[in-house]
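**Student:** Handing you a structure now.
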Amino acid sequence: MDEENKLVKKVKRLLRRLGYPRWLHHFGPKKYEFWQHFVALLVRFFCRLSYRRVRRLFDLLGMVCPSKSALHNTAKKLSSAFWQRVLKATSGSHYLVAIDSTGFSRTNPSYHYLRRIDGKMPKIPIKLSTAFDTNKKKFCAAKIRVLPAHDIKDAKFLLFHSGPKIAVADKGYNAEHLFRFAAENNMQLMVPSKSNAKRGFYRKKAQEKFRLRTYHRRELVESGNSSIKRCYGSSVSSRKARTIRTEVYGRLACHNLFGWLFRLSGQSPWIHNLYKSAQGFVAWRQQWLHLSSAQGGFMESTHCLISSLCWCQY
């Protein structure tokens, strides 16, 4: 029996840490285990493919993959609590986090469609509020909404699930009840003052400890949101709220799981245009083999899988 590749090992280890069973369903055929569904979903989010194309890619690689309908049903079953545990397991503990929100469009309309509606974008965005670890460059908590809402509504949720020592946010999070929540949970919240909001015991107490240099760490969460959109797309292809939630959370999980790989290889100063030319890909392959041999040797199947993922994305 061939040894498993590194992606499969990483997913199995993650699911064991979360304490999830081998199968999500109690009844019905036990043909595919949960880790096989989860690996296929991660590859779909990473490569920005459809369910059918993921199945076809796995067939070309000689790997077992559930059917399109089985993957779709699994995506609907995964709850928000499951993805919060995934983000927590893949990000670790946190000292300083930055909070911000961004939006995803539901569709990616063509220019012909935009001309027919007088050049106006459909106003049905997906709202994503995230807590970003500025040291590890990973997402530690997130909240997704399919209806418009103010940023302050998800702030307590993000602080509770991330549990940092220091949190930074923009003026939209300047509220007395949020300062009180942070003080009661032994957190230091750094939010710049507003000209029309001066009152409040906890607000005044937090302003005394405000430090501009620490507050500027908030810019990293905007870089993280930009990275998610540039790597995995700024629109979602799902229609229902459950599958939209799974798709966006899956992109954040891919960022936490695979971000270290591209910091080691793709961001190296002596490799330029890594994925845009055959020479760059050959150089990346040589560097990957050097890293794998230095760390004890990875299997050849790992190299083939990661190589195919990179070519699928670009």
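**Student:** As a footprinting exposure proxy, order 33, 247 by other Cβ within 10 Å, with the fewest listed first. Kindly include the intermediate steps, with their values, before the conclusion.
**Tutor:** Details: 33 17, 247 21.
Arranged by neighbour count, lowest to highest, 33, 247 become 33, 247.
**Student:** Within 10 Å of each candidate Cβ there may be at most 10 other Cβ atoms; applying that plus a DSSP loop requirement, which trypsin sites (Lys or Arg not before Pro) in the stretch 27-99 survive?
**Tutor:** Details: sites: 30, 31, 44, 48, 52, 53, 55, 56, 68, 76, 77, 85, 88; in loops: 30, 31, 48.
Filter output for the stretch 27-99: 30.
**Student:** Oh, and also: What pairs in 10/156; 12/153; 127/194; 136/156; 12/165; 9/127 have C-alpha atoms more than 26 Å from each other?
**Tutor:** Working: 10/156 31 Å; 12/153 35 Å; 127/194 24 Å; 136/156 22 Å; 12/165 31 Å; 9/127 33 Å.
Correct reply: 10/156; 12/153; 12/165; 9/127.
**Student:** Express in whole angstrom the spacing between the alpha-carbon centres of the stretch 71-87 and the stretch 1-63.
**Tutor:** Measuring centre to centre over Cα atoms gives 13 Å.
**Student:** While we're looking at this one, here's another question. Where does the stretch 121-239 land on Rg(C-alpha)/(2.2 N^0.38 Å)?
**Tutor:** Rounded to two decimals, the normalised Rg is 1.12.
**Student:** Taking the alpha-carbon centroid of each part, what is the distance from the stretch 142-181 to the stretch 192-237 in angstrom?
**Tutor:** 10
**Student:** Among 161, 150, which comes first, second and so on when ranked by fewest other beta-carbon atoms within 10 Å?
**Tutor:** Details: 161 17, 150 12.
In order of increasing Cβ crowding within 10 Å: 150, 161.
No lab work stands behind these numbers, since they all come straight from the coordinates. A quick note: this is a predicted structure, and the numbers were derived from the prediction, not measured. Neighbour counts are summed over all protein chains in view; Cβ atoms, including those assigned to glycine, are modelled from backbone coordinates with ideal geometry.
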